[in-house]
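What follows is one structure encoded as structure tokens, with my remarks underneath.
Please treat every number below as a calculation from the coordinates, not as lab data. As the structure is a computational prediction, the values presented were derived from the model and not from experiment. Here Cβ is always computed from backbone atoms with ideal geometry, including for glycine, and neighbour counts include all displayed protein chains.
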Amino acid sequence: MTSIKTLLKQPGVLSIAILAALLLVVFPAAFDIFRLNLIGKYLTYAFVAIGLVLLWGWGGVLSLGQGVFFGLGGYAMAMFLKLEASDPETTKIQSTPGIPDFMDWNQLTALPIWWEPFHSLTFTFIGVLAIPMLLAFLISYAMFKRRVGGVYFAIITQAVALILTTLIIGLQGYTGGVNGMTDLKTMAGWDTRTDSAKVILYYACAGMLLLCVVLGTWIQRSKFGTLLLAMRDKEDRVRFSGYDVSMFKVAAFCLAAGVSGIGGAFFALQVGFMSPSFVGIVPSIELVILCAVGGRMSLVGAVYGALLVNAAKTLFSESFPDLWLFLMAALFIGVTMAFPLGLAGLFESHIKPWWKKRSDERRRIKQRLKELENGDDDHGGTANESGDTVSAIADPSDSPAGLVIRRSPV
């Protein structure tokens, strides 16, 4: 028991434990399968948000194109699922059986060679991480080695998002175009549309997200995390100390891209389709908002931000279909103005000090009570001038004013 208490007192451990209990116990018990699957979709966006915490919050590098890496991970998984759904038996009515339907509609007669590796589930899992990280490396290495940063780097990432979206839509015969890849039913013969499969995918997504949060926490406490903070605040001083600042930024950008790709893969599995609407500039900016609302310095806060913003979007769109965009804008502006450091900043600036003050009050009450009890044991109670003994009781739920002195006759 003592070791558990000691562990929970470590910075960040209690907040991760609460988040784990919420995701793994409370939500599955409280929501039906439809809502649980919806929460699983929200959690896929949280992968991008926690990547932005490391990149933007700790590294000081703002990327407005993280939807690119989310989309690449999603498309990598969608390609495998689409190939499995396009076996010759299922597509025998097509003019060219054995290829995805959108290829047949665009008069392709053979599967493109760069689609072939995605017949392998192992290659797909590797690609979900490797493809986003490879593109991130190419972009960041070219930019950071030339010391391009700040708002210029943010604009370049927006341009990359626009280019990739245009490319996906333009290559309709190879990517599904604006409609994306749909009718994704099975993974290695396992039907992902059943209720039991949705529950399993939810737990897999939540478990992987918690693992990423734990890994991110470890990175924040490591030397790498310390250097990211130092680069954010005093980049020139870190450079003059002999560190290659550009490569640390490249590493942070690639890490955020890989985590985003994992989120995209889970999105394709749980939702059953992937389209360029999740790759462009607008979704990329929305993903940054999730991080800002939750708190760009907090990994756990980013998860709560993703849940809150997407839950609000669903609630507003269902209840106020004509006004929900205005309500979402009001939410973003209000949270940003009232809590510049996000929900995590609200906890640090208000809730945590209040809890600490209350805990200190309880501790003082218990200490005073113990001193009075020890005095009673040693001297039979403290007597006043009228010959009464004085004893004390305390209600720990109250403030020190709740310390009550009672008099009883000897």
Longest principal axis of the chain (C-alpha) makes with the long axis of helix 245-271 (C-alpha) an angle, in degrees to the nearest 10, of 80
Computed from the beta carbon distance with a Förster radius of 25 Å, FRET efficiency for Ser196 and Thr122 to the nearest 0.05 stands at 0.55
Students often check this: by mean Cβ neighbours within 10 Å, which of 131-143, 193-205 ranks highest, and how do the rest follow? 131-143, 193-205
Normalised by the residues of the range 160-308, what does the relative contact order come to in percent, with Cα pairs under 8 Å and at least six apart? 33
Listed by chain and number, the lysines with an alpha carbon less than 22 angstrom from that of Lys92, same-chain partners under 8 positions apart left out, are Lys82, Lys185
Of (i) 25.6; (ii) 18.7; (iii) 28.8, which one was derived for mean projected area of the Cα convex hull in nm² from the structure shown? (iii)
Length added when fully stretched, Ile113-Val151, from 0.36 nm per residue minus Cα-Cα: 9.8 nm
The alpha-carbon center of the range 282-298 and that of the range 160-224 are separated, in whole Å, by 18
Output the peptides 283-292, 113-122, 269-278 sorted from most to least packed, where packing is the average of other Cβ atoms within 10 Å over each peptide's residues. 283-292, 269-278, 113-122
Could you list which residues have their amide H under 5 Å from that of Met187, counting only those 5 or more apart in sequence or on another chain, with H placed in the peptide plane? Thr192
Percent relative contact order of the chain, based on C-alpha pairs within less than 8 angstrom and at least six residues apart? 26
With a sphere of radius 15 Å drawn around the Cβ of Leu227, what net charge do the other residues whose Cβ falls strictly inside it have (Lys, Arg +1; Asp, Glu -1)? +3
